[in-house]
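Okay, so here's the structure we're looking at.
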There are 2 protein chains.
Amino acid sequence: MIRDVSSGINPLGLPDSQTYLNAVESDPRLLGWMQGLPPQPDKRITFESDQFLDFPQIRWALSHMRELAPTVNVRRGSAPISQIERDDRSHDIDGLTFDALDGRTMRFEDALYATYTDGIVVVHRGRIVYERYFGALEPHLPHALHSVTKVYVGTLAADLVSKGILDETKEVPHYIPELRGTAWGDATLRQVMDMQIGVDYTEDYENPQSGVRAYMRACGMRPRSGNSYVPDTLFDYLRTLRKEGEHGVAYAYKTVSSEVMAWVMAKVTGLNLAEYLHDRIWSRLGCEEDGYMLVDPVGTPMAGGGLSATLRDMARFGELIRREGDWHGNQLIPASVIDEVRRGDDPEKFAKTGSDLLRGYSYRAMWYVSHNEIGAVEGKGMNGQRLYIAPDAEMVVARFASHPVGSSIGNDPITVPQLLALGRMLRE
Amino acid sequence: MIRDVSSGINPLGLPDSQTYLNAVESDPRLLGWMQGLPPQPDKRITFESDQFLDFPQIRWALSHMRELAPTVNVRRGSAPISQIERDDRSHDIDGLTFDALDGRTMRFEDALYATYTDGIVVVHRGRIVYERYFGALEPHLPHALHSVTKVYVGTLAADLVSKGILDETKEVPHYIPELRGTAWGDATLRQVMDMQIGVDYTEDYENPQSGVRAYMRACGMRPRSGNSYVPDTLFDYLRTLRKEGEHGVAYAYKTVSSEVMAWVMAKVTGLNLAEYLHDRIWSRLGCEEDGYMLVDPVGTPMAGGGLSATLRDMARFGELIRREGDWHGNQLIPASVIDEVRRGDDPEKFAKTGSDLLRGYSYRAMWYVSHNEIGAVEGKGMNGQRLYIAPDAEMVVARFASHPVGSSIGNDPITVPQLLALGRMLRE
């Protein structure tokens, strides 16, 4: 049953030796994962097995995180749902063709399968023009955002800076004395928000020895049992990390800095991230469903990638950004905060990562800033999660996926040109 | 700090040797449980410590079950909230006096503290006449119902019987062949629904060797680690239980029979209990918040006691029963199903348990039937959870509590006369 993905569509950069079922073959309904009373042993997806984030189990798991691990609610509250009008353009969009970075010409719809899309919604000029669900995802089911969580953190952090509640020039220990002597001991909040921290920590999703795996165990996203020393709490883990190199010199993606930022925010707001998301976003955007966040053993929400939300609720947040913080007449976030994100940072600092896939990008307040012709800013998460806001095309794309490859190398060769082509089409 | 509860109010039947902080002293906000970033080690409540259901940790934990263990959503959907009108009678009710079973005269309000109440709402003639929250509970927070979960199961099971989808005279293996040779191998559905099953399983919450503890481990309510053999799934655990004595002779409270009933229901409906509660109850009653259920390692909702809901949403279900299944013109459950519950069963079968506290009661479709002067039927759960419906007083009482004693021996000596006195007052 295992097929070489290259027999179908082979995104540039996928490890040659690795083969995967394609998106249709790996549909969890087709495979029978977690069906039956109880599911047969070879169709079970359990947290303790530590295989729920493996492929193809991940195709079910990302729509069912709360059934696998403890979570805290991100409550929508009792406000009416903000309905999004519709203007269906599926036919045009499905047939749109574009050139993937490996040179092949692809149809938009085929690209959804090639990137193992679980769901996608496209909002143009405030109306839903395209919406599809695949595999285990349903419109009312929250799906893991993974690191798209970070753009919520970065935006709310920048908002606190704009209000003067946080001082971006202050060093982290000003707010969290417990982080003296750690990697963040002499880092400014601005450096943390922009991921310009020199820290001895690696972010390699495929390597079980990587720092990100230890981080995931500490914050409850992977089982603690069967592993060597795991700190009692996420905060205890952060305190083990030491400085390596300099701060402020170059962008370097380190999820742990998002946790530091959320810790700072919780200190000054008195609310943990789940409560703050309720207060600032969920209760104000007319979200359709509650979201939720994975928590560490003492209830700390996982700010680096623990949020799950419905596809349309993620799109609502994207629309808030596209509208420069205005939500039907209420300025929820100052336009200046979002303008600053859109201006981005020095692409030279970003280029030092050596990414060929994101040429010309910069990174600001936990957003990827494309500096492309449609002004796109992006939230990106493992396995293909994406929130793509292109103000100059009046477009927001929210996409969930369960790509076998964690790193965006698995789908950027398709997704980057795909979404740019969509923006070009829609702005006309 | 540990005080003898008898220095305040000593409910009849509490173990003499045991002493507890009283309700005010054990308020989790006062004690600082789970406060701080992160909480101090001696103020942490974690799942793995297996102390979260101990007192006083339980005073926080029962309002935060999802942050401790995996859960599945019981979705309210997008229907409008059914608002319940108010007609405040707090002053009258707080001052109501009654005689506890140990002979002392108590005020209604004092009884709330004596039973470690987390929240109580009284609905009379369809209006909220009394509503209070204590400790960690808030109106929007779901709280563990523990075994009040069973009245949802029993009511929906009786409804399936009334529709002819289940045949109460059939034996369990007719629906679940996997249970041949177990305690339920020759038990009828009616015997299961009415807890008249002879099974080698003990239900002693204070005894770590009791069957109920093994059950809790199997279904994810207590940690599996550090224990001897724990079956992989809840269903595997049920299959280990053997018959002891006869069926149909006497009532005997065995939580595992609720799980068997829910397994049967899932077989015929194709929906697990969380999905079925959404479909039949939550989506139709205009509930305010989603509920949720604890799940076993393969996602099976814990039907014997895994439901959490807000206080008012539990009261809505009580109102549905009081109104004989009619919800604002929609007959959600046939009146005949509820009439049958109210008629109850033979009190002689119930009396064989030797309960002095519930004299004259019977048990039907997982409801306690009081046969008292206000026609009360009750759902009861560990640590003082209670849903009390008194049709002849047009009254519903929903109460959450975190009493140090799991068994109802801890609060029945107060609660039984308290609620009867309230019903007498309100019917006038």
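The Rg/Rh ratio for the protein assembly as shown, using Cα coordinates for both the radius of gyration and the Kirkwood hydrodynamic radius, is 0.99. Per residue, the convex hull spanned by the alpha carbons of the stretch B:19-137 comes to 173 Å³.
In order along the stretch A:187-194, phi translates into HN-Hα couplings of 9, 7, 4, 4, 5, 5, 4, 9 Hz, rounded to whole numbers, per the Karplus curve 6.51 cos²θ - 1.76 cosθ + 1.60 with θ = phi - 60° and x for Gly and Pro.
For the stretch A:396-401, backbone phi angles converted through the Karplus equation (6.51, -1.76, 1.60; θ = phi - 60°) give residue-by-residue couplings of 10, 10, 10, 9, 10, 8 Hz, Gly and Pro being listed as x.
A Stokes-Einstein calculation at 25 °C with viscosity 0.890 mPa s, built on the Kirkwood radius of the stretch B:308-411 over Cα pairs, returns a diffusion coefficient of 171 µm²/s. The other copies place their B:ASN372 label points at 6.9 nm from this one, listed shortest first, where each point is 7 Å from Cα along Cα→Cβ. Which residue, A:PRO231, A:PRO56, A:PRO142, has the most motion in a Gaussian network model of chain A that connects Cα atoms within less than 10 Å? Per the Cα network of chain A with a 10 Å cutoff, A:PRO231 tops the list. The mean number of Cβ atoms from other chains found within 10 Å of a Cβ in peptide B:287-298 is 4, as a whole number. The sum of -39500 (n - 2.57) across all DSSP H runs of n ≥ 4, divided by the residue count of the protein assembly as shown, sets its helix-only mean residue ellipticity at 222 nm to -7500 deg cm²/dmol. The shape of the stretch B:137-210 can be summarised by an equivalent ellipsoid whose semi-axes, obtained from the alpha carbon gyration tensor, come to 27, 21, 9 Å from longest to shortest. When B:ASP412, A:ASP94, A:ASP232 are compared by accessible surface with a 1.4 Å probe, the order from highest to lowest is A:ASP232, A:ASP94, B:ASP412.
Using all pairs of distinct alpha-carbon atoms, the Kirkwood hydrodynamic radius of chain B works out to 21.7 angstrom. For the cross-link pairs A:LYS163/A:LYS267; B:LYS170/B:LYS349; A:LYS254/A:LYS352; A:LYS150/A:LYS254; B:LYS243/B:LYS267, the ones whose C-alpha atoms lie over 18 Å apart are B:LYS170/B:LYS349; B:LYS243/B:LYS267.
Inter-copy label distances for A:SER82: 3.0 nm (label point placed 7 Å from Cα along Cα→Cβ; shortest first). GNM remark for chain B: springs join alpha carbons under 10 Å apart, and the peak mean-square fluctuation among B:GLY299, B:GLY406, B:GLY103 falls on B:GLY103.
In the stretch B:378-428, the inverse of the mean reciprocal separation of distinct Cα atoms equals 11.2 Å; this is its Kirkwood hydrodynamic radius. Structure remark: mean-square fluctuation, Gaussian network model of chain A, C-alpha springs under 10 Å; the largest value among A:SER258, A:SER26, A:SER162 belongs to A:SER162.
For the peptides B:129-137, B:204-212, A:123-131, the ranking by packing is B:129-137, A:123-131, B:204-212, with the highest mean count of neighbouring Cβ atoms within 10 Å listed first.
For A:GLU340, inter-copy separations between label points set 7 Å beyond Cα along the Cβ vector come to 6.6 nm, shortest first.
The values are calculated or read from the model by the stated rules, or taken from the named source; none is laboratory data. All of these numbers come straight from a predicted model, not from anything done at the bench. Using ideal geometry, Cβ is built from the backbone for each residue, glycine included, and neighbour counts are taken over all protein chains shown. Ligands, DNA and RNA are stripped out before the accessible areas are found, and what is left, the full protein with its side chains, is counted by its heavy atoms. Shrake-Rupley method; radii C 1.70, N 1.55, O 1.52, S 1.80 Å.
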